[in-house]
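Please treat every number below as a calculation from the coordinates, not as lab data. What you are looking at is a predicted structure, and each value in this text was computed from that prediction instead of being measured. With ideal geometry, Cβ positions are generated from the backbone for all residues, glycine too; neighbour counts draw on all protein chains shown.
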Amino acid sequence: MAITLQRWPIVGRRSELEIFERALCSGEQAGLVIYGRAGVGKTRLADECREWAAAGGHPTERVAGSLAISALPLGAVAGLLAGGLGRAGPDGQVDTLGLFEETRQALRERHQGRRVVTVADDVSELDPASLALLGHLAAQGTIFLIATVRTGEPVPDLVTGLWRDGRMERIDLGDLSRTQLDTLLHLALGGPIEAGAGREFWDITAGNPLYVRELVLGALESGALVERSGVWHLEDRLSGTNRLLDLVEQRIGGLSAGERSVVELLALCQPLELSYLEAAAPSGELESLERAGLVTIAFADGEVRLAHPLHGEVVRGAMPKLRARRILLAEADRLEAVNEALGPASLRIAVWRLDAGGRPDPAVLVRGAQLARHAHDFRVVRRLIEAVPGGERDAVAALLLGEALYELGDFDGSERVLAAGQELPASEQVALRLAVTRAKNANWGLCEPQQALAINARARTVVTSPAFTEELVADEASILMFSGHPGQSLTVLERIAGDDLRTRVVRAIVAAVALAATGHTAEAVGVAETGYAEHVALGDELAIAHPATHVVNQVFALAEAGRLAEAEQLARAGAEIVATYRIPIAQIWFAANLGRVATLQGRMATARRYFAEAAGLAQANHFAGPRRMALTGLALAHAMLGDASAAAAALAERAALPEFGFLSPEQRLADAWTAVASRQPMEAKRYLSDGAAEAAATMHRVAESWLLHDLMRVGRQDTSARLGELAAVCDSPLVAARARHAAAVAARNADELGAAADGFEAMGAMLLAAEAAAGAADVFQRAGEQRAATAALRRSQELAAACEGATTPALFYAAAHEPLSRREREIAMLAAEGMASKDIAERLYLSVRTVDNHLQRVYTKLGVTNRADLAKALGSSS
Amino acid sequence: MTPEQITLVQLSFAGLGPRVPDVTARFYQELFERAPELRPLFPTDMAELQVQFATKLTEIVHSIPRLDMLLSHTRALGARHAAYGVRAADYDTVGGALLDALAAVIGDSFDGPIREAWAIAYNLVAETMLEGAASARPIGS
């Protein structure tokens, strides 16, 4: 029974195929995602789906992510691209959406409007631009996407987004059961197998289908697995290795030289044309490789690929670099000879040349960088532009590189590249963007706001059109805002008269923060929301921040308004998105804002975690300013958790960084609370007063209210008058709540303190609520209202329980005032249950007299006179 | 499958002798208990169908040692059932019903190894039927 494995059987996947069928035919679903471990059969299932669809007359395509082709944007999906790589406008940008639309319409025309079933294998390895295109096509119903994701790999936003909207079916693929493995072996071998051999396959593979396949094909080739009288036997032990990769390596290692060449060519450049490979390997190598299950041939489109991504990984890993280089360059020459410049194939060619350390066409590299910029893939932008020889870089290339270097934290490099770029001939738009980017780098990266303002001023000599001048004004406002002058920033913003979309977006980036910091929080939230929507509608453009900036601003504005739950939710969603796109600066801001929100919520351990994350990210990416702010938050969290030395260490780390003006008054909070934790209350008060004065001078109103409120919390200083003024000019409920709290403390009004606690609690500011409740308890206590005092204290303790171990002076005070001793509480609880003094005495081995004495004290402390009231008092406080 | 398992299936089936119709009757009873919604798909009078089922079961059991022969039965059978609207999930229901019917008729000797052999045999038959079904049925039909 000679076995001819034209096709390795598929077992245990029929239900999954029917899920695909239903999703495809429903018309509602945009795709299907297949999750699972390596070798579980994701690729095979995806291809099976595709072939079933093809047999039913559906057009199909296949794209695959791999590290080898991830370098160039859209490289992986070059096969879908209809014509060239888009066009660049006068501002040096590519109309990416236009390119996507062209691609969509070309696909529709080519396939008469039928959806193209498109397999995207290892979708996590695709570049962001390819993902964006696939997302666009899937959402528009032009393709039906079948994506595979290896367990442990990040799931691209495209997939999670469609899935969340209910437009993506999900399949979790697992290993085969023992029964399914037996069926697979039976079908693959074409007959029964002896019991010991079957067991050995199970023991080694644990049902991993690829493992089974490699092991069976390897054993057949080596002669370990033989057929006698219709039954398969193992003559030799199976390969000893229990690692799938080792097994694949052994299989590849056994190939002839000619077969190996074909496999290497495919590992670097697949898919390749069948006719070309037949000519390149004329001695039947392709046939033997197909028989060995190492390559698959799609006769319909005449393309040859390796059977599994793992084969490619192994082959590339084992290939000498020089050999890979020779193959890549030869293939690039071959394809270049028959393809047009800036056509779809030019991407593949450029990638091969790059991977080979060769010199690709600079035009293709710049176009690739523009596409990568659109997808915020700055690492790729840097790699591509740096591959363009220095002398051939124009102003657009300098802009792309300078911006990428800034985003990636190389500020000195960015300054060099952008300064040089400003010397090159450029359109007014490009000149504008060079200036704005250079100023941003100076302010944020180099922490030199004066230099940034000078760059901004000089740019007005070359940028003179009104529309562009206004952008420079917005930029000036931005420099002022983020160097600690929200008031001046708002004044400068008023000079902007234009109302086109772009100007509004640019204005919004600054206005949202300045409005929030000066206490116009509702307007700030609105500006940020609109700014985001308009930024997205505008399509992203060079030199303006990522649209996520508006989301960061909205989080900040929500926090300043005390809308903490909303702020937290939004920040978490934003953090997830920017993590996918790997935009360090946005990741830092989301983490820092999450820390700030957690601080306001009183969740101090959570705050510590987020600030530590932000500080780490900022350090790794060399952002001194944001790192300074993260360290401020970290010291504050440590101090409020009572760890004075950790707080001091964070402050020492901060002291080594350059000054950074953004929200600078708030930076004093950390010094103050560290002093509190170090038992230096006078120092603390001085820091808070200084900070509040600076905030007042620069119109950081919300920050000022925070500092003054803390002055009251820490130093028992009456700041209620100024807090009241701030509440009157700010619309922020948080500022109002702080003022109310301070006024209640000053007036020693327990009911008002209770109401302040309610207000903080409703906002989710649990630590402040706990402190206000403790304050109420104190006032009640001094007024001799024991019961009310106990209830308020109990409430304070409940609220403080949400604060993850925060220890502030006000809470410390509350803890010291627990009215009942442990023994008193024990007796009171039993009495409240209705137990007589005699029984309590017996249970606790006390005299009746002692029990009665304790109870009498309890009555006095709680202000009750009988057991019924006792139960109520305990009930309300337990 | 192992040669021993094939022998166990064939011997236990041969041992049924004249009780094969009992198995088929019991099988449909078990099936409709598990999936009452399937009952309307079958004729009211099941006698003829039960005879057909018994014949097919016998053919399949006899062809197990030869995969090519087995496939010639099961692929066509799968294609026919696809046309009736039978889908992958239904095969689990049918398998459970068949095994329990065999257990009920064969009795105590339908123990661990025999039951396992039947389960593996059924999985092989089901997979090959489904393969035949997929080849015969265009997507979305």
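Would you list B:Ile120, B:Ile6 from fewest to most Cβ contacts within 10 Å?
Values: B:Ile120 24, B:Ile6 20.
With the fewest neighbours first, B:Ile120, B:Ile6 line up as B:Ile6, B:Ile120.
When the dipole is taken about the Cα centre of the range A:668-747, and only Lys, Arg (+1) and Asp, Glu (-1) are charged at their Cβ, what size is it in debye, to the nearest 20? Show your work: numbers first, answer last.
Values: 10 positive and 9 negative charges, 51 e Å.
Once rounded to the nearest 20, the dipole reads 240 debye.
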Using a Förster distance of 30 angstrom, determine the FRET efficiency expected from the C-beta separation of B:Asp108 and B:His62, and round it to 0.05. 0.75
Quick query: amide H of A:Glu303 versus all other amide H atoms, modeled in the peptide plane; which residues come in under 5 Å with a sequence gap of 5 or more or a different chain? A:Leu274, A:Ala298
Shape parameters for the protein assembly as shown, alpha-carbon atoms, Rg then Dmax in Å: 36.8, 108
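For the range A:253-392, what's the relative contact order in percent, using C-alpha pairs closer than 8 Å and at least 6 residues apart?
Working: 144 pairs, mean separation 23.9, N = 140.
The value is 17 percent.
What ranking do A:Thr491, A:Thr148 get, fewest neighbouring Cβ atoms within 10 angstrom at the top? The partial results should precede the final answer.
Values: A:Thr491 14, A:Thr148 29.
Ordered from fewest to most neighbouring Cβ atoms within 10 Å, A:Thr491, A:Thr148 come out as A:Thr491, A:Thr148.
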Gap separating the Cα centres of the range A:450-478 and the range A:667-745, nearest whole Å: 36
Fewest-first ranking of A:Lys440, A:Lys838, using other Cβ atoms within 10 Å as the exposure measure: A:Lys838, A:Lys440
Could you check the spin-label model distance between A:Ser177 and B:Arg87? Points 7 Å from the Cα along Cα→Cβ, value in nm. 2.0
Report, to the nearest 10°, how far helix A:548-560 tilts away from the longest principal axis of the Cα atoms in chain A, using its own Cα long axis and a range of 0 to 90°. 20
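Mind giving me the FRET efficiency for A:Ala762 and A:Leu501? R0 is 51 Å, r the Cβ-Cβ distance, nearest 0.05 is fine.
Numbers: r = 38 Å, r/R0 = 0.74.
My answer for the efficiency is 0.85.
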Amide H of A:Val77 versus every other amide H placed in the peptide plane: which residues, excluding those fewer than 5 positions away on the same chain, fall under 5 Å? none
For the range A:415-428, just list the computed ³J(HN,Hα) in residue order, Karplus coefficients 6.51, -1.76 and 1.60, θ = phi - 60°, integers in Hz, with x standing in for Gly and Pro. 4, 4, 5, 6, 4, 5, x, 5, 7, 8, x, 7, 5, 4
Provide a whole-number value for the mean count of partner chain Cβ atoms within 10 Å of the Cβ atoms in peptide B:120-128. 6
How far apart, in nm, are two points set 7 Å out from the Cα along the Cα-to-Cβ line at A:Arg359 and at A:Arg164? 4.7
How far is the Cα center of the range A:346-373 from the Cα center of the range A:118-143, in Å? 21
With an 8 Å cut-off on Cα pairs and a minimum separation of 6 or more residues, tell me the relative contact order of the range A:680-747 in percent. 29
Using only Cα atoms and rounding to the nearest 10 degrees, what angle (0 to 90) does helix A:501-517 make with the longest principal axis of chain A? 30
Expressed in angstrom and rounded, the centroid-to-centroid distance over alpha carbons for the range A:479-526 and the range A:545-577 is 17
FRET efficiency, 1/(1 + (r/R0)^6) with R0 56 Å, evaluated for B:Thr55 and A:Glu576 via beta carbons: 0.40
Add +1 for every Lys or Arg and -1 for every Asp or Glu among the other residues with Cβ under 14 Å from the Cβ of B:Ala25, and state the total. -4
Over all residues in B:131-137, what is the mean tally of Cβ atoms on other chains that come within 10 Å of each residue's Cβ? 3
Evaluate the distance, in nm, between pseudo-label points positioned 7 Å from the Cα of A:Arg460 and of A:Arg228 along their respective Cα→Cβ axes. 9.6
Long-range amide H contacts for A:Ala120: which residues qualify at under 5 Å (H placed 1.01 Å from N, peptide plane, sequence gap of 5 or more or a different chain)? A:Val63, A:Ile146, A:Ala147, A:Thr148
Rounding to the nearest 10 and keeping the result within 0 to 90°, find how far the Cα-based axis of helix A:720-729 lies from the longest principal axis of chain A. 50
Each residue of the range A:186-199 in turn: what ³J(HN,Hα) in whole Hz from Karplus with 6.51, -1.76, 1.60 and θ = phi - 60°, glycine and Pro shown as x? 4, 6, 5, 8, x, x, x, 10, 5, 4, x, 5, x, 5
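Under a point-charge model restricted to the Cβ atoms of Lys and Arg (+1) and Asp and Glu (-1), what is the dipole moment magnitude of the range A:820-878 relative to its Cα centre, in debye to the nearest 20? Present the calculation step by step, with values, prior to reporting the outcome.
Values: 10 positive and 7 negative charges, 33 e Å.
Dipole size: approximately 160 debye.
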Phi to ³J(HN,Hα) by Karplus 6.51 cos²θ - 1.76 cosθ + 1.60 over the range A:635-644, Hz, x for Gly, Pro: 4, 4, 5, 4, 4, 6, 8, x, 9, 5
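How much length is gained on full extension from A:Arg379 to A:Arg291, taking 0.36 nm per residue of separation minus their Cα-Cα distance? All intermediate terms of the calculation are to be shown ahead of the outcome.
Working: separation 88, 0.36 × 88 = 31.68 nm, distance 4.11 nm.
Length gained, A:Arg379 through A:Arg291: 27.6 nm.
How high is the relative contact order of chain B, given as a whole-number percent (alpha carbon pairs under 8 Å, six or more residues apart)? Intermediate results must be reported in sequence, preceding the final value.
Values: 112 pairs, mean separation 57.9, N = 141.
This gives 41 percent for chain B.
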